[in-house]
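Single-structure report; data block below.
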Amino acid sequence: MKTNEKKLTVVGTDIEEVKRLNNQSGLSYNQVKQLLAEKYANKSQPSE
């Protein structure tokens, strides 16, 4: 039998809700940094 109890932190934050919202939020800060670094690394390479 599945229980519908929420997983809460000590201060009452719903962990599953936070995970769900994070998945919907788009790129993370580190993902954006990586994409920008790759974009500018490719741009600075001389064309053949």
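Yes/no per residue for (1) of a type in the set (Val, Ile, Thr); (2) at pLDDT below 95; (3) not in a loop (DSSP other than H, G, I, E, B):
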{"residue": "VAL18", "(1), (2), (3)": "yes, yes, yes"}
{"residue": "ASN22", "(1), (2), (3)": "no, yes, yes"}
{"residue": "GLN34", "(1), (2), (3)": "no, no, yes"}
{"residue": "ALA41", "(1), (2), (3)": "no, yes, yes"}
{"residue": "PRO46", "(1), (2), (3)": "no, yes, no"}
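For the subset of region 1-16 comprising residues that are surrounded by 10 or more Cβ atoms within 10 Å (Cβ to Cβ) and outside any helix (DSSP H, G or I), which member is modelled with the lowest pLDDT? I'd like the intermediate steps shown before the answer.
At the first step, the residues of region 1-16 found to be surrounded by 10 or more Cβ atoms within 10 Å (Cβ to Cβ) are 6-8, 13-16.
If we keep only those that are outside any helix (DSSP H, G or I) too, we end up with 6-8, 13-14.
Working: LYS6: 85, LYS7: 88, LEU8: 90, THR13: 94, ASP14: 94.
Among those residues, the one meeting the criterion is LYS6.
The values are calculated or read from the model by the stated rules, or taken from the named source; none is laboratory data. Everything numeric here is computed off the predicted structure, so don't read it as measured data. No Cβ is skipped: glycine too gets one built from the backbone with ideal geometry, and neighbour counts run over all protein chains shown.
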